[in-house]
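Everything on this sheet refers to the single structure shown next.
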Amino acid sequence: MNANAPDTDDLSLRILDHLTDAVLLFDAECRLSYINLAGEMLFAVSARQVRGMRAREMFGLCDRRIESDFRRAVQRGETLTKRNLVLGAPSHPLTVNLTIVPVLEKERAEAVLVQIEQVDRHLRISMEEQILAQQNAARMLLRGLAHEIKNPLGGIRGSAQLLQRELQDEELREYTQIIMDESDRLQSLVDRMLGPNKPLIMEPINIHKVLERVRQLVQVEARAGVLLERDYDPSIPLVQGDGDLLIQAILNIVRNAAQAVGTRGRIVIRTRIHRQVTIGHKRNRMAVKIDVQDDGPGIPAELMGQIFYPMVTGRAEGTGLGLSIAQSLINQHGGLIECASTPGNTVFSIYLPLESGHD
């Protein structure tokens, strides 16, 4: 036997931990003996916490017949599938397909293997791909528009400047100054639509220092009745990123939350580690998830599919550039911003890879 060959059991466990579906193993008494990483993430628990727990405790009230289904699989050696089962708390339900497979030993079932496919996850990946495609299309459109606008704009401003030098009448010179001022304003607007054009300066950064900087800036600007709370996971390692650009991206989101709650409300900035995260077509072993949650009125349903487009805003005084720029900056870091909103609970979720992903 090759001394360098990997241990079969160890290799099997590592393979299971790389699966995106949750895999749980229960003994014949319906007690949990193994759960993979995807299962830990799905149930938001550690394997140590739940090992030995009964199936009915694991699955809660989602299906009271779960243990009878397990026993049926053991006694009859049948594979059962339950579709569109709802797991999780009412505030954060997860829709899954659950397959119960008896593990046979000498033609007798000694355990039950449970595979859980998260239906919501496939919808989320599809939504991510759509967001990234929208962002790329919007960026290409903006670059083309910027080129077409900037050239004639420069000509207009230059002509107004030359005309101003020739005019002796002070009142007429005021009109040329208006032309130049408005040209400068349009130039600034186009630059803001394109976002920062400096190259990323990637270095290891503490994401909580970035978030604290953002929180301090918004706390100064926000109304006295707006409460900004922190819920940080101190175990999160350093993130590779450009600190200044991450501050700008997250600041745009938290400022939006502060404007949404108005004179009185609550904003929570939360960080957590997520494993086996797929962003677009790239799979990352670990990613940090930053949630910005507010209890404002929510985003109108008709705007939800367009909020990351430039010039789309639900506020009369807004420019509609903040979220578009934030998404672009996070995309440059290999990440993504998602949003879920109902009245009283709007959450912007920022995903940033913690290490280089793989396909």
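Any read-out appearing in this document is the output of simple, stated calculations on the displayed coordinates, not a laboratory observation. Because the structure is predicted, anything quoted here is derived from the model rather than measured. FYI the Cβ positions are ideal-geometry reconstructions off the backbone, even for glycines, and counts take in every protein chain you see.
What's the extension gain from Arg283 to Arg230 if we count 0.36 nm per residue and subtract their Cα-Cα distance?
16.3 nm
Is the stretch 8-118 best put as rounded, prolate or oblate by its Cα gyration tensor, with a ≥ b ≥ c the root eigenvalues, rounded for a/c under 1.5, and otherwise prolate when a/b is larger than b/c, oblate when not? Working shown, then result.
Working: a/c = 1.61, a/b = 1.13, b/c = 1.43.
Oblate, since a/c reaches 1.5 and b/c is not below a/b.
For Thr342 and Ser188, what does the FRET efficiency come to when R0 = 35 Å and r is the distance between their Cβ atoms, rounded to the nearest 0.05?
Values: r = 36 Å, r/R0 = 1.02.
Result of the calculation: an efficiency of 0.45.
For a quick protection proxy, order the peptides 169-178, 36-45, 255-264 by their average other-Cβ count within 10 Å, most packed first.
Working: 169-178: 11.7, 36-45: 19.5, 255-264: 17.7.
In descending order of packing, they fall as 36-45, 255-264, 169-178.
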Would you mind computing, in nm to one decimal, how far apart the modelled labels at Arg31 and Glu212 are, each placed 7 Å from Cα along Cα→Cβ? 4.5
